[in-house]
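Report on one structure; see the data block that follows.
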Amino acid sequence: MMKRDKALEIIAQHHPDGIVVCVYQSAFDWLAIRPHPLNYVGVGAMGQASSHALGLALGCPDRKVVVLDGDGSLLMNLGTLVTVAAARPRNMIHFVSFNRIYEVNGKYPLPCSERLDLCRIARGAGYSRAYHFSELSALRSGIAEVFEGDGPVFVVLDVGTGVDYPRDFSVIHSSDMRRTFREELRKRRMA
């Protein structure tokens, strides 16, 4: 099992300047690891990260769109996997932090987590490729392959908590963050 922050650092090295949709604890970690105007924080309704990322991937087909989802969040909206697969966004990479708990909501255990195979579910839904990483060395070795080729790509990161980044809900709910993202995206699309 990897520390989530260490896994996210590897992703940041391979996606230093692109669109990232992140939710809940992954959002808090990601904003500390890679502060960037193209960070889109999806909060408010669990399970919506991949749907938001799909819209961005379809709207910006020339840019890689990364989604940093949580296992509990994804389980709130498994139907999104079929929707993503049907739309076939070639530029979307869907990472899921698999820590077997609803972390931000009180660390309640995920039902059936010992038998849950999210990669198999994603493949069954129609994702082009699916990967499962539980060691940093394997992630370092495989991350280039994840970012190469067409998507949609699904990646399970078997993680535990790492650095305890501050959970500032006022930041992830701020209208300033959404406005900054919108303005940066508009600026880059016009360039």
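Overview of values
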| quantity | calculated |
| --- | --- |
| For region 2-190: rounded, prolate or oblate by the Cα gyration tensor [a/c cutoff 1.5] | rounded |
| Whole-Å distance, taken between Cα centres, linking region 120-169 and region 67-88 | 13 Å |
| Listed residue (V66, L139, G55) projecting farthest to the positive dipole end of the chain, Cβ model | G55 |
| Beta bridges by DSSP in region 2-190, antiparallel share as percent, to the nearest 5 | 5 percent |
| Nonlocal amide H pairs with Y131, under 5 Å, H built at 1.01 Å | F154, V155, V156 |
| Along the chain, longest interval not containing exposed trypsin sites (Lys or Arg not before Pro), exposed being DSSP loop plus at most 11 other Cβ atoms within 10 Å | 1-106 |
| Student exercise, the chain dipole from Lys, Arg, Asp, Glu Cβ charges, in Debye to nearest 20 | 480 debye |
| Among A7, V171, A125 - extreme Cα towards positive end, dipole of the chain, charges at beta-carbon | A125 |
| Sequence-distant residues sharing a close amide H with K3 (under 5 Å, placed H) | G160 |
| Integer Hz, Karplus 6.51/-1.76/1.60 couplings in order for region 73-81, x for Gly and Pro | 5, 4, 5, 6, 8, 4, x, 4, 4 |
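Bear in mind that the values in this text are calculations on the coordinates, not laboratory data. Treat the numbers as computed from the prediction; the structure is a model and nothing was measured. As a convention, Cβ positions derive from the backbone with ideal geometry for all residues, glycine included, and neighbour counts pool all protein chains shown.
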